[in-house]
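Below is one structure; the comments refer to it alone.
The values are calculated or read from the model by the stated rules, or taken from the named source; none is laboratory data. This is a predicted model, so every value here is computed, not measured. Virtual Cβ from ideal backbone geometry, glycine too; neighbours counted across all protein chains shown.
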Amino acid sequence: MKATFGQDSWQNIVHHSDILRVYEVQLSMNEHANHNFCFPFDSLLTVADGQIFLESPIEETSLKANQAVWLSHNQAIRCVAVSPLARLFVVVFNGQNTRHQDRFERFASGTEHKHELASGVTHWRVENKEFGKIEWVMLPALYKEPIHYLKESEEFILPLNHDHSLCVAFEDQDLLAIGESGLVISPGQCRSLVNSANKPITYLSIITPYPKHSRILKLKAHHS
C-alpha cells in the first residue's frame, strides 16, 4: 500500500506479517521534507540514501546513509529530509513493547562488533535479543552462501548501494536479484544469497524473532 505526498515523496508498506512490518519512505526536500512517525511497537529506523534530521520531544539527531536508530513504541518523531532526496526504512517489530528509552540509540555500518569468517564474509552485529538479530553483512566477490533456512524467524534483507548485484537463489528456482526495497524471507524457506559482482557487496539483515537454532543447512540428496 503506497501513499504519495508528491511526485518524489511517498510512503510504502513493503511487508506486513504477524511478526514484522516494513515501511519504505522517500522524502523530497522541495515538496514534502517533514514527516511524522508514531508506531505502536518498538522499531528500527535506517537510512538507505541521503540524510535526515530526527526530532523527539526530548532529543534531536541526524542520520546519514547506512546509519540507524532504535525507536520506542508510541514515541512521537518528526523526520526532516536535509538532502534533496532521502530514502529510509522503518522496521516495526509487531507485538514488542519492551523498549522504554525515550532517547535515541544510534548505530552505523562499520562501527559495531566486527566478526570476519574464514569464508571471507564479514559481519557488523548490533543484535538485540529482545527484538532479533540485526547486522550488516559484507559478502566477498562472486560469493554464494550454502543453502539454509531459519526455522521460526523472518529475515528482511536490504541491499546497500543497490546495483542489482545481491541475488537470492530459492530452492529449485532461478537466481533472483533483490530490489532496492529489499526482500523478506519467510520462516522455513530455503535460500542462498549470492553476490554476482566482481567486488564485495554489503547488505542489512534483520532477523526476528531472534533465531534459537541459527541457520539450518539444507543438505542436498545425492543420487547414484
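In table form, for the structure just shown:
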read-out	value
Segment 129-165: number of residues that are in a loop (DSSP other than H, G, I, E, B) and within 19 Å of residue 87 (Cα to Cα)	5
Verdict on residue 210 being in contact with a Lys or Arg (Cβ under 8 Å, 6 or more places away or on another chain), surrounded by 13 or more Cβ atoms within 10 Å (Cβ to Cβ) and aromatic (Phe, Trp, Tyr)	yes
Segment 1-42, residues that are among the acidic types (Asp, Glu) and not in a strand (DSSP E or B)	8, 18, 31, 42
Positions within segment 176-204 being hydroxyl-bearing (Ser, Thr, Tyr) and either in the same structural domain as residue 19 (by TED's automatic domain parsing) or buried (at least 18 other Cβ atoms within 10 Å of the Cβ) (or both), in sequence order	202, 203
Residue in segment 53-63 that is free of Cβ contacts under 8 Å to residues at least 60 places away in the same chain and crowded, with 19+ Cβ neighbours inside 10 Å present	yes
Segment 68-94, subset touching a residue at least 60 places away in the same chain (Cβ under 8 Å) and not aliphatic (A, V, I, L, M), residue surrounded by the fewest Cβ atoms within 10 Å (Cβ to Cβ)	94
Index of the failed condition, residue 46 passing every other in (1) polar (S, T, N, Q); (2) at pLDDT 95 or above; (3) in contact with a Lys or Arg (Cβ under 9 Å, 6 or more places away or on another chain)	(3)
Conditions (1) farther than 29 Å from residue 163 by Cβ; (2) within 17 Å of the chain's Cα centre (by Cα); number of the one not met by residue 60	(2)
